[in-house]
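Take a look at the structure below.
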There are 2 protein chains.
Amino acid sequence: MFKINDNYLKLPGSYLFSTIAKKVNQFTVENPDKKVIRLGIGDVTQPLAPAIIDTLHHAVDEMAKAETFHGYAPDLGYEFLRTAIRDNDYAARGCDIQADEIFVSDGAKSDSSNIQEIFSLDNKIAVCDPVYPVYVDSNVMAGRTGTYDPATECWSNVIYMPCTAENNFAPEFPEKDPDLIYLCFPNNPTGAMITKDQLQAWIDYANKIGAIIIYDAAYEAYISEENVPHTIYECEGARTCAIELKSFSKNAGFTGTRLGYTVIPKDIKSNGVMLHSLWARRHGTKYNGAPYIIQRAGEAVYSEAGKAQLKEQVAYYMNNAKVIMEGLKNAGYEVYGGVNAPYIWLKTPNQMTSWEFFDYLLEKANVVGTPGSGFGPSGEGYFRLTAFGNYENTVEAVERIVRL
Amino acid sequence: MFKINDNYLKLPGSYLFSTIAKKVNQFTVENPDKKVIRLGIGDVTQPLAPAIIDTLHHAVDEMAKAETFHGYAPDLGYEFLRTAIRDNDYAARGCDIQADEIFVSDGAKSDSSNIQEIFSLDNKIAVCDPVYPVYVDSNVMAGRTGTYDPATECWSNVIYMPCTAENNFAPEFPEKDPDLIYLCFPNNPTGAMITKDQLQAWIDYANKIGAIIIYDAAYEAYISEENVPHTIYECEGARTCAIELKSFSKNAGFTGTRLGYTVIPKDIKSNGVMLHSLWARRHGTKYNGAPYIIQRAGEAVYSEAGKAQLKEQVAYYMNNAKVIMEGLKNAGYEVYGGVNAPYIWLKTPNQMTSWEFFDYLLEKANVVGTPGSGFGPSGEGYFRLTAFGNYENTVEAVERIVRL
């Protein structure tokens, strides 16, 4: 008689963004006349850049002829894309990462949830709190997190590193040593960034205790300040302890196009076994590569035209961030983020809980945001707005919120 | 101190097709003058059909304008594609499968390796022998297969169901009851098919013992005979015990375009919990959907033009199958498959092992096939050739083999 993976039953409720989608759907059905503005889920709104569109058309044409048709991709991604990534994201910043240490995938969500598979079930994870739900949920499904306490909203076998206004949203080293440390900078959801010195301290700490840092750099393109790292490999010693996850979703608008990559340096070893080999084996066995035409689109992201167009796109969203920041500040809100990240993290007014403020904003301003508590217990009392809307909607949403 | 998932270390050698790729690469480097013909890996060679190309271009243009741009896809796939699948692959055959029981993915390889995640680690799997390596390897990685015995090439906790010429390549019910049964028809690698009555007996057996059948129907489009099932849901009772995996790789040439789907009927339950809910949760948490433009391409597969063009493409490959079958038969080879499947399964001549015949064919005829033993111990002494080459190469490869 078959049995299910009971760990799934431990997950409280549904995935955060599914819950939000259901609530918003219900509201729009009940209020068909209301124009809802969505600044909740981190989905982009601007179209793919012209350089990417041209490349996609060209790649589609290649698929139409036997001579240029592409079947199964190389397990770990096409050389042309891995080389472009190495040159632009690493070599150009003086980082020693080779093309064969880069694994192309269908996105950072898949990678960030799958990466735990190559580690022992005994390993203990540490996460920032609040945090992107996928890190914890994927570990729950694997059975690594112990039991859930609804009162504290914490898992018994997860180390939480609170990130609140009190510590400027920068995690502190935990009291007990973790084995796997999830870090995300620029941060989702708080929009916070840490300095290169702060990240260096994490690398030194990880190397000292023999932990792995899983570094999610999905929002790197939004960094505007100096002295903050664009990749963890800017730090000394990262090659022996750090895995980096990158996405094309936010820098190039690939949320519906799907492309990402993971870097695993060959220097990370356990008893002589390279983590790189395990991840390569996972890719080879459980994945068949990103579509050829999408990998070509990824290459176009690094073309001269692509880079120029995407710089404009990022600036467009960051202008939205400024509109939100300034509008809410002027209205008396306590706001964070929005400088090196497309997320604005605000303190809910009048001691409202995160979900109370979600309902309030949806009903009174018809604006959708994300409740901070959905990202973890220390997110309670906070709320996330994204800069990924279009400009007109963003301005209108802010005006509506300010009028409340 | 972090630890790795030791189960990965139990995997003997590398993934079959990676090993073949390495051997062929080495041969071509050492013999640059030789024209190698690849009838090994099941990769297609014909370009995407015109109806699919047109749709891809149109979808790319949609991504170029804010009004028609598509960001994150619905967790389980776009309604337009799920409806097309339901109508064409199920309703048209009188099968009761609803659109919301269909989960769109990036391909059957991912699905067939990920599906085991929603089951208990205690569950015992049964596989045909020989078998597509991914079913077993993904269970090895999860820790479900016990220990590997190099002498027998078997895992201690896997039930093997031999499929050889003696039983006409149809598996028999195992002596001990399994929890999860992997079946693939038309079969990879043997090219065999079973009748509807035979499949019905499997459904009855699974319902009786409380097992789940994971039915891989990736090669369904190649069925040419009557009275063989195109989907497992043609059988009575399949809704309470069968999961079906489908791919767009072989019927539409999507090996490098990546699209597939999995069907989980809502009637499959364990203590009241629907497997459907677990898989939906996995999709929502660990996956972000197939690219919009690729899902549109999938929809085009079901258009009138698409269906007509793909019927021709399948006929093209099946003509190759006929060329291989007849050529080898005339040369005295013992050959199987090739009637309802694009695979020809042959007995190696002169008591050669599968890998001996692989090397022999590569060196003497410069033809690449797949050693039967790579699919399991009962594949020893067999060899797989695919009909997915182009016609000219297929004819030449057969001529070279016949001349040996």
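The values are calculated or read from the model by the stated rules, or taken from the named source; none is laboratory data. None of these values were measured; they are calculated from a predicted model. FYI the Cβ positions are ideal-geometry reconstructions off the backbone, even for glycines, and counts take in every protein chain you see. When the accessible area is computed, the model is the full protein with side chains, heavy atoms only, and any ligands, DNA or RNA have been set aside. Shrake-Rupley method; radii C 1.70, N 1.55, O 1.52, S 1.80 Å.
Results, tabulated for the structure shown:
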{"item": "Residue match in the range B:83-104 (condition: more than 8 Å from chain A (Cβ to nearest Cβ), closer than 21 Å to B:T231 by Cβ, open to solvent by 50 Å² or more (accessible area, probe 1.4 Å) and among the hydrophobic types (A, V, I, L, M, F, W, C))", "result": "yes"}
{"item": "Pair list, Cβ < 7 Å and 6+ apart or interchain, from the range A:61-72 residues that are within 7 Å of another protein chain (Cβ to nearest Cβ) and of a type in the set (K, R) to residues that are surrounded by 17 or more Cβ atoms within 10 Å (Cβ to Cβ) and part of a loop (DSSP other than H, G, I, E, B)", "result": "A:K65/B:P47"}
{"item": "Filter pass, A:F27 being more than 11 Å from chain B (Cβ to nearest Cβ), of a type in the set (F, W, Y) and either in contact (Cβ under 8 Å) with a residue 12 or more places away in the chain or on the phi > 0 side of the Ramachandran plot (or both)", "result": "yes"}
{"item": "Wholly enclosed helices (runs of 4 or more DSSP H) of the range B:285-404 bearing at least 1 residues within 30 Å of A:I115 (Cβ to Cβ)", "result": "B:292-301"}
{"item": "Per-region count, the range B:124-145, residues open to solvent by 10 Å² or more (accessible area, probe 1.4 Å) and small (G, A, S)", "result": "2"}
{"item": "Residue match in the range B:229-238 (condition: in a helix (DSSP H, G or I) and touching a residue at least 60 places away in the same chain (Cβ under 8 Å))", "result": "yes"}
{"item": "Test for A:T164: is it more than 9 Å from every other protein chain (Cβ to nearest Cβ), farther than 25 Å from A:T262 by Cα and either open to solvent by 20 Å² or more (accessible area, probe 1.4 Å) or not aromatic (F, W, Y) (or both)", "result": "yes"}
{"item": "Residue match in the range B:316-325 (condition: more than 24 Å from B:F169 (Cα to Cα), surrounded by fewer than 19 Cβ atoms within 10 Å (Cβ to Cβ) and at pLDDT 95 or above)", "result": "yes"}
{"item": "Selection from the range B:262-277 of residues that are at the interface with another protein chain (Cβ under 10 Å from one of its Cβ atoms) and either open to solvent by 10 Å² or more (accessible area, probe 1.4 Å) or of a type outside the set (A, V, I, L, M) (or both)", "result": "B:K269, B:S270, B:N271, B:V273, B:M274, B:S277"}
{"item": "Condition met for B:I52 (open to solvent by less than 40 Å² (accessible area, probe 1.4 Å), away from chain A (no Cβ under 11 Å) and within 23 Å of the chain's Cα centre (by Cα))", "result": "no"}
{"item": "Members of the range B:251-297 that are in contact with a Cys (Cβ under 7 Å, 6 or more places away or on another chain) and at pLDDT below 95", "result": "none"}
{"item": "Residue within the range B:185-200 that is assigned to a helix (DSSP H, G or I), without any contact (Cβ under 8 Å) to a residue 40 or more places away in the chain and crowded, with 22+ Cβ neighbours inside 10 Å present", "result": "yes"}
